[in-house]
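Structure, as structure tokens:
Bear in mind these aren't lab numbers, they're just calculated from the coordinates by the rules spelled out. Note that the structure is predicted; figures quoted are calculated from it, not measured. FYI the Cβ positions are ideal-geometry reconstructions off the backbone, even for glycines, and counts take in every protein chain you see.
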Amino acid sequence: MEIQKNVQAIRERMAAACHRSGRSADEVTLVAVTKTVGAEQVEAVIAAGVTVIGENRVQEATAKKQAVSSEASWHLIGHLQTNKVKKALKIFDLIESVDSEHLAEKIQQESEKLQRTVDVFIQVNTSGEQSKFGVAPEHALGLVRSVSRLPNLRLRGLMTIGALSDDEDRIRSCFRMLRQIREQVVALNLPGVSMEHLSMGMTNDFEIAIEEGATLIRIGRALFGERMP
């Protein structure tokens, strides 16, 4: 019941943020971030109406997905090492964290073997923080062009993590930057590229992200409580 209440509380805050920014509540999808969360809790959050599960690690997701019988779309939201691509493609419906041409080419190689088209987002490091993965903003369009040439990858959006800061203006500027990059990508009108999604915003800043155009927000702590170490 606790998870159901938490989902409802988040949805109410999502709706309020959408209302403030003149958006429809159905424009934003809640992604449940289930890092360190057991299969039983994943089942509970899906039962509460969440349709997208976000996992950070390939290895953890492999065992967890096998233990979850309920239907959901699974997104990889953590950094993907090239030696884990083959396993990742067997688990995830969408990879949100493509941040280099090398990684994109590896995904192309493995997806070609599987005769599969893979939906991906490009992760952009909009905060400039060295602790975060993601392509630098000034190189984002170059990576978009490279990914657009890979026949088994379908680029559907961008992802970022806001600055780790109490300064709301700084956080907002990260999300605004991602939206502006999306606008630049759309203007390129590249084949096979659809910029329908901006994945941005987590427990501490998702309302700001929604106000700046997020279509996916990634929530863990506000759904499941503090993570185990």
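Helical runs assigned H by DSSP (4 residues or longer) give the chain a calculated mean residue ellipticity at 222 nm of -13000 deg cm²/dmol, each run adding -39500 (n - 2.57) before division by the residue total.
Dipole of the range 1-151 (Lys/Arg Cβ +1, Asp/Glu Cβ -1, origin at the Cα centre): which of LEU143, GLN130, GLN81 lies farthest to the positive side? The Cα lying farthest towards the positive end belongs to GLN81.
So I have [x] 29, 20, 16; [y] 34, 26, 18; [z] 26, 23, 15, and one of them is semi-axes √(5λ) of the Cα gyration tensor in Å calculated from this model. Which one is it? It is the one labelled [z].
Output the pairs from LYS5/LYS64; LYS64/LYS113; LYS35/LYS90 with a Cα-Cα distance over 21 Å in this structure; if there are none, say none. Mind showing how you got there, number by number?
Numbers: LYS5/LYS64 23 Å; LYS64/LYS113 25 Å; LYS35/LYS90 18 Å.
Among LYS5/LYS64; LYS64/LYS113; LYS35/LYS90, the Cα-Cα distance tops 21 Å for LYS5/LYS64; LYS64/LYS113.
Note that the range 161-229 shows a convex hull volume over its alpha carbon atoms of 104 Å³ per residue. Candidate cross-link partners of LYS86 among the aspartates and glutamates, defined by an alpha-carbon separation under 14 Å and a same-chain spacing of 8 or more, comprise GLU105, GLU110, GLU112.
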